[in-house]
Protein chains: 2
Amino acid sequence: MAAMSNQLDTTFQALADPTRRSILTMLLEDDMAVTDVAAPFEMSLAAISKHLGILTRAGLISQERRGRVKWCKLEPDAMRDASIWMQSFGQFEAVNLDAFERFLETELSDDD
Amino acid sequence: MAAMSNQLDTTFQALADPTRRSILTMLLEDDMAVTDVAAPFEMSLAAISKHLGILTRAGLISQERRGRVKWCKLEPDAMRDASIWMQSFGQFEAVNLDAFERFLETELSDDD
DNA sequence: GTTATATTCAACCAAATGGTTGACGATTGT
DNA sequence: ACAATCGTCAACCATTTGGTTGAATATAAC
């Protein structure tokens, strides 16, 4: 159906893919060109380009073209609404870095 | 292909549908029977039953059968991991970015 | 001007998703 | 015993998703 997708749909859908979450994690470190984003993955550049399109449409990253290189930049503010929505279901402890590291670890070792 | 869906995949995927998010919001107020969950929606009971199955498999709700009625109960702790994962992206600007980046570099170079 | 690099586009494909309907098993009420 | 209620199951269907390949575009380098 037409799926009048609201912001939360788009955000959660974008985050529901391990490749896209890995990309976001990579972009925590630094802005990156599309080709460099694609390098660690065992899929085509076109596939990564699509993933980046989805992340861009969700507002989770922005892309700026300079010359023939398109730079990808993390836009973490786009997660805020979804994050707030989730927190309304119970106050989780304030950010626990240890926990994040554990999950990041499973993320990185898992998607291959 | 691999579809090694981890916990975050399952959680975010479950949350990426407005019907399922509405159900979770309804269950904030009280436990509900499947039929009562379905009542406000303009779709079949079978469709709602499927949504509840997805939420259950994601751990976001639990279902307990008493007589012929199956009660649905919110399990907000299942959102905790995803919530932490998201919050982390927003917090690092404010908090200890350097420490996290060092951690990240270690993890990324350790890639298997 | 030719060649290499960076990225997207278009067409295709298999599998997953979100819905339908009708039949079914299990439980409750009369 | 019989009928009504609760919920799931199985089979189907259309659309979306996540991937592929090969051609196309735009910029950079030689």
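General observations
- Taking the Cα centre of segment B:7-76 as reference, the dipole from Cβ charges on Lys and Arg (+1) and Asp and Glu (-1) amounts to some 280 debye.
- Interface area, A with B, accessible, probe 1.4 Å, both sides summed, Å² nearest 100: 4100
- Over all other residues within a Cβ to Cβ distance under 9 Å of B:Ile54, the charged ones net out to +2, with Lys and Arg as +1 and Asp and Glu as -1.
- Shortest-first distances to equivalent copies, position B:Thr56, nm, label 7 Å out along Cβ: 4.2
- Amide H contacts for B:Ile61 (H built 1.01 Å from N in the peptide plane; partners 5 or more residues away or on another chain; cut-off under 5 Å): B:Thr56, B:Glu75.
- Cβ crowding within 10 Å averaged over residues, with A:55-62, B:65-72, A:26-33 ranked highest first: A:55-62, A:26-33, B:65-72
The values are calculated or read from the model by the stated rules, or taken from the named source; none is laboratory data. Keep in mind that what you see is a predicted model, and the values were worked out from it rather than measured. Please note: Cβ atoms are built from the backbone with ideal geometry, for glycine as well, and neighbour counts cover all protein chains shown. When the accessible area is computed, the model is the full protein with side chains, heavy atoms only, and any ligands, DNA or RNA have been set aside. Shrake-Rupley method; radii C 1.70, N 1.55, O 1.52, S 1.80 Å.
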